[in-house]
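The values are calculated or read from the model by the stated rules, or taken from the named source; none is laboratory data. Note that the coordinates shown come from a computational prediction; the quantities given were computed from them, not determined experimentally. FYI the Cβ positions are ideal-geometry reconstructions off the backbone, even for glycines, and counts take in every protein chain you see. Surface accessibility is based on the protein's heavy atoms, side chains included, excluding ligands, DNA and RNA. Shrake-Rupley method; radii C 1.70, N 1.55, O 1.52, S 1.80 Å.
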Amino acid sequence: MPPSEPAPDTGRPSAGRVAEGAGPSAFGDHTEITTREELLSLIGDPSPVVFSKASPVLREFEREWIRHTPLCFVATAAADGTCDVSPKGDPPGFVHVLDDSTLAVPDRPGNRRLDSWLNVLQNPHVGMVFVIPGRGDTLRVNGRARLVRSPWLLDRMVVKGNRPALALVVDVQEAYFHCAKSFMRGAVWDPDSWAPDAAPSRARIAKATEWTDVPLQALEERYGPGYARRLYP
């Protein structure tokens with residue numbers, strides 16, 4: 001069997017890097033949009049309300065939303081501009097609202113690539129999307145982040161005996177709600193639209209891309225029902 005998680009790859013390129021020298025699309029060259037004026041001529045001017053709804057602090061609506069969120073996505077970028085988006089999940093309310101302009105996200109055991117955290121050390125700007133299952137609208141938060149290991153904070157973040165080694169603290173600069181159109185178009189919460197078996201299983205993907213020398217049966221056992229019991233080692 002493979003180890004519980006892969007060892008960190010210390011010599012990797014930045015997350016999101018594309019191979020240099022990649023040629024044009026197989027469908028031909030693109031007509032690029034290169035100026036703000038050209039973009040606005042295609043899309044049109046936004047309503048002023050899409051800007052005025054943003055708040056530099058967390059109001060009661062935003063705080064309540066975060067208290068009921070079991071999943072958020074954190075976007076970061078390295079100093080060279082390469083980007084990463086990482087999902088973070090725990091029981092609802094796992095993101096702590098420390099005050100009306102500060103959030104804290106616990107780190108949980110993972111693959112130890114540390115893409116997001118290494119990016120934050122280089123560039124503190126982060127973007128976050130908070131999702132409540134069943135809701136099409138989302139909460140977006142932008143701010144500046146830092147990594148901390150303050151005992152008083154980590155002690156409040158214990159879940160099933162797991163105390164995080166660190167937390168991401170975000171100083172909020174902008175918070176606003178995003179409409180449900182994307183989730184509605186994708187029928188994301190409609191069970192009739194779900195097709196979890198349409199793509200290869202996690203075990204088959206791992207066999208082809210990660211643990212190529214491990215038998216498929218062993219990987220199916222690894223990613224089977226027992227996987228959920230190892231979330232909080």
Original post:
Can you name every residue in segment 85-99 that is open to solvent by 70 Å² or more (accessible area, probe 1.4 Å) and more than 15 Å from the chain's Cα centre (by Cα)?
Top reply: 92
Original post:
Can you pull out the residues in segment 103-121 that are within 27 Å of residue 152 (Cβ to Cβ) and open to solvent by 20 Å² or more (accessible area, probe 1.4 Å)?
Top reply: 107, 108, 109, 110, 112, 114, 118, 121
Original post:
Restricting to segment 100-139, what's the tally of residues that are part of a strand (DSSP E or B) and either free of Cβ contacts under 8 Å to residues at least 12 places away in the same chain or in contact with a Cys (Cβ under 7 Å, 6 or more places away or on another chain) (or both)?
Top reply: 4
Subject >> Lone qualifier among 135, 146 - being under 28 Å from residue 81 (Cα atoms) and open to solvent by 80 Å² or more (accessible area, probe 1.4 Å) >> reply: 146
Subject >> Residues being loosely packed, with under 15 Cβ neighbours inside 10 Å and either at pLDDT below 95 or closer than 19 Å to residue 117 by Cβ (or both) - total across segment 62-84 >> reply: 3
Subject >> Identity of the residue in segment 199-227, outside any helix (DSSP H, G or I) and β-branched (Val, Ile, Thr), that ends up surrounded by the most Cβ atoms within 10 Å (Cβ to Cβ) >> reply: 214
